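Everything on this sheet refers to the single structure shown next.
Taken together, the values in this text are just the output of simple stated rules run on the coordinates, not laboratory data. Since the model is a prediction, treat every value here as computed from it, not as a measurement. Virtual Cβ from ideal backbone geometry, glycine too; neighbours counted across all protein chains shown.
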Amino acid sequence: MPVQLKDSTRTVALDPDSLMDWLRTGSQEVPKHVSGQRLGDFLKRRDKTYESSQQAAFLADFSRFYRTCRSIEEAIENLKAYAVRVSELKLDKKLAYEVLKVKQGHDLSEDVLVFTLKTLEQMRANELQYAEESIASLCEQMDWHHEGPVDKGEVSKEFRKASKANTSSDKGSSNQLKEVAKLAYYEPIRNRLMNHGFIVSPRGTALGAVFPEKDWVDSTGVPFFDTTAKQTTDALMQKYELLGDTPSALTRLLMPKKKRMEGEDPLASAVGCICVSWTRHERNGRTLYIPVLGLSGVTEAKPNLGFFEKTCRHLGLPTSLTLEPYTKKFEFKAHEDVGPASKAVLEKNTEMNKFAKDSEEYLALKKEKALLDKRKKELMEVDGVRRVAEQTQFDIEKVLVTNYETMLQRTNVCAIQYRARELLRLRKPSRQALMSYVSFRESKDSKHLEAALLQPRTTQGVDLWICYWHSFNCAEPAALICASSYFGDGCDVEVCFPYEGLSDAGPFSNRPKETCPWCATVELGFRSVTKNTGGVDQSRESGTWLTELTLNTQSEPRKKLSLKSGFDAFDDNNVIMQSTGTTLGGSQPGGLVRNKDLDEEAYGDVVKTKIGRVRSMYYLLGLMDPKVVALDRPLFPWHTPARFKFKGLNKD
């Protein structure tokens, strides 16, 4: 059904001419962009009936459609140009030597050369696949905007009913139902965001979305984060109802209509952290801040190896996620007295067998054997305890050392690809993405490792179990993936604003959340919660939350740290450990706190130490090099739209 106009007597389909006649009867001037092929497509292929007085509503609907389609087209053209560039790459021995910074003619082992060329071939294949997947995603979104009702961000009764049935209490445990609820939220959230004009991340990755272009901020010459970033971000959350306590809010779309109680229904509290991340881009000498939305754990299907490989591919990272093998075998050496004690028991038993069981000699020897048995048992019990302790320590060291060796290997591959990307002028990953990849481990693989337990420094190993999820689980990677897929280059987040998705948001729908340990480990900066007078209830009802910006970059050393300079990544008193503790302690007397009670410390001593140790490894691996930070990279670098070339951002 086409777009129609309804008056007091009839309902008629609108064409460009009748539309202009109708619009001119309104009080608003008709914008120049309300014309051409895009207008014709909207009128013929979308479905909505407007009342005779709804000219403003039509203009708002069409402007959103126009801007979204224009943004998608520009992103597609940029990605097509990138795909052509990648397909024309020449990968040869000369490039391999340049990547390794070795002059041709110098000795280079065949194994190293083969490994380097193989790494470069994998990179090219991944980049082509990335471009194809991103273009396909954008084309799918374009099709979505060219068909069906104009307003299709609402959840149908059928979908709501099916979601409720799939999460009924008889379908599984509480944790199982929460996972089902998260999956159920993927399509409704994706549709709602697209209906608002967001560009969403490709299917098969975590859900993220770039805000509509009209929400981008031209901050040329203006200290954006020092002045209005918090207010601007809160306003975006409220404008699009991204947070709230009713079914109209993005994080509660499937919530039962009845009054919500904490933990009452898995569909009421399925989405945890929701973040607005501000990336910073350059265009013709102007600084643009672009907000990107990320949602924690909202995926189309349960993540598997293909999910994580696609995540890496769209972040501009290597896709190999194998762990380095740990070849050392567990060996246990019994106490030196166990052998002789066992031998003594056997000898005594042999001696007893020479006599009749009711003889005095046998009975006397039996008493002697009982003492020997007791001694052997005591020794073996002590050995058993020691064996368990040594096995436990071996299992822990196996994981920690495997983490360390894997981080080294992944960094080597990243370094080769990053150098090649620079030489070939290909997109480069963000620093945060590099860190998340190098330290990614889906599971801890040891029952002895706990997030709340600090391991002593007994070996060159790294504990990556700093919280109860891995480095690709948070809302931030979802935001970065979407930005990468849209703009065609990696981009770091200058400051991230996390919000509370599970607990009550309050009437102002702006309840902030403490940044999770993984995000605090890899982000450049983030908004933190500080102690609020009056506690949670007063802050929630007033909408006033005391917060501060936590910037890792303020306390980071300005120069690269290396072993040659005496830096020891395994020293808990090194400069990185100290700066991490200072940063995560906050600048206010009360420190940084958790939003659940505005009292509990956001990062305890164990967490601070673990984060500091991982960040120390990043320094050791060279990942903290300021040159790697992906800020101020140009928008659409391979096919810049004409409107970006001269006068900056044109929002018409």
Going highest first, how would you order 153-160, 197-204 by mean Cβ packing within 10 Å? 197-204, 153-160
Lysines with Cα under 29 Å of Lys32, excluding same-chain neighbours fewer than 8 positions away: Lys6, Lys44, Lys48, Lys80, Lys152, Lys214, Lys239, Lys645, Lys647, Lys651
Taking a ≥ b ≥ c as the square roots of the Cα gyration tensor eigenvalues, with a/c under 1.5 meaning rounded and otherwise prolate when a/b beats b/c or oblate if not, the chain comes out prolate
Taking a ≥ b ≥ c as the square roots of the eigenvalues of the Cα gyration tensor, with a/c under 1.5 meaning rounded and otherwise prolate when a/b exceeds b/c and oblate if not, region 85-198 is oblate
For the chain, what is the calculated [θ] at 222 nm in deg cm²/dmol (nearest 500), taking -39500 (n - 2.57) for each run of four or more DSSP H residues and dividing by its residue count? -15000 deg cm²/dmol
Scan region 211-261 for trypsin sites (Lys or Arg not before Pro) in coil per DSSP, keeping those whose Cβ has at most 12 other Cβ atoms within 10 Å, and list them by number. Lys257, Lys258, Lys259
Could you give the dipole magnitude of the chain about its Cα centre, charging the beta-carbon of Lys and Arg +1 and that of Asp and Glu -1, in debye to the nearest 20? 780
Go through 407-416, 479-488 and give me the packing order, highest mean Cβ count within 10 Å leading. 479-488, 407-416
Return the lysines within reach of Lys90: Cα separation strictly under 16 angstrom, same-chain partners fewer than 8 residues apart disregarded; answer none if there are no such residues. Lys118
What is the distance in Å between the Cα centroid of region 378-399 and that of region 496-568? 41
To the nearest 10 degrees, how steep is helix 605-620 against the longest Cα principal axis of the chain, on a 0 to 90 scale? 80
Cα centroids of region 153-187 and region 32-67: how far apart, whole angstrom? 34
By average C-beta atoms within 10 angstrom, highest first, the peptides 32-43, 1-12, 582-593, 519-530: 519-530, 582-593, 32-43, 1-12
With everything on Cα atoms, drop me the angle between helix 36-45 and the longest principal axis of the chain, reported from 0 to 90° to the nearest 10. 70
Would region 506-651 count as rounded, prolate or oblate if I go by the C-alpha gyration tensor, calling it rounded below 1.5 in a/c and otherwise prolate when a/b exceeds b/c, oblate otherwise? oblate
